[in-house]
Amino acid sequence: MVQNVKSIYEWKNKNNIKLQLLGSFIYTEVTEKEIPIFREKLSHLFEDTLFFPTDNQGGNNQEVNKLYKNVTKNEVAELQSSYLVDSKCKMVFNRLTLTAEGYLTACCVDYENNLTYADINKENFLLVDEWHNQIITSLRQKHLSKKFDNVLCYSCITGKKYPYKPISNLRGELAQKNNKTKFLEDRLKIHDNKIVEAL
């Protein structure tokens, strides 16, 4: 991920492209110690970066309190209910989020790869094609029609936990069949190794 951001940064500067690079760093008790490393090594790549403590994201983190001890109460649950009446999530329409494995996901808080829709590691990857692929287009349609059955987004929007299924089979490991704590521990190992490689 770090190398990808560096490449985009160099490309936009070399070609004088007016593209704003913004970062967000959602931290847990496990990753909070990496904030100073990020600031020192990577902050120059972004015009601005916001640092957020993780919250429960519609109950998604309740089962992994051993890894996320500082899970905060979802302070926006009341505001989220208005979403179903008059709004839509901007994440699925105007943001790219890249996971440690190299998947594009519809949401920066998709901790378990349930909203992944493209793999940048695949041969002949073209961002323009994947940005409009059938998986993400279908999710966007669900947001426009406000029909979220079996999609993680519904739990986020309502602030309550509902059953959901992944929108694709791009998950690295099948988290819902495996122990979720082990799945997240394995993802943190990938993350830690990639941080070391990049720095």
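Express in Å², to the nearest 10, the accessible area of residue 165 obtained by rolling a 1.4 Å probe over the protein heavy atoms while all chains stay in place.
Number for this one is 120 Å².
Gain in length, residue 96 to residue 21, computed as 0.36 nm per residue apart minus the alpha-carbon separation, to one decimal in nm?
Length gained, residue 96 through residue 21: 25.9 nm.
Determine the order of 27, 164, 154 by accessible area, beginning with the largest, at a probe radius of 1.4 Å.
Putting 27, 164, 154 in descending order of accessible area: 154, 27, 164.
Could you calculate the contour length gain from residue 134 to residue 44, that is, 0.36 nm times the residue separation minus the distance between their Cα atoms, to one decimal place in nm?
Full-extension gain reported as 28.9 nm.
If DNA, RNA and ligands are ignored and the probe is 1.4 Å, what is the ranking of 148, 46, 52 by accessible area, most exposed first?
52, 46, 148
For residue 7 paired with residue 141, estimate the spin-label separation in nm (one decimal), with each label point 7 Å from Cα along the Cα-to-Cβ line.
With each label placed 7 Å out from Cα toward Cβ, I get 3.1 nm.
The values are calculated or read from the model by the stated rules, or taken from the named source; none is laboratory data. Predicted, not measured: the structure shown is a model, and the values here were computed from it. When we count neighbours, we look across all protein chains shown, and the Cβ atoms used for this are built from the backbone with ideal geometry, even at glycine. Heavy atoms of the whole protein, side chains included, go into the accessibility calculation; ligands, DNA and RNA do not. Shrake-Rupley method; radii C 1.70, N 1.55, O 1.52, S 1.80 Å.
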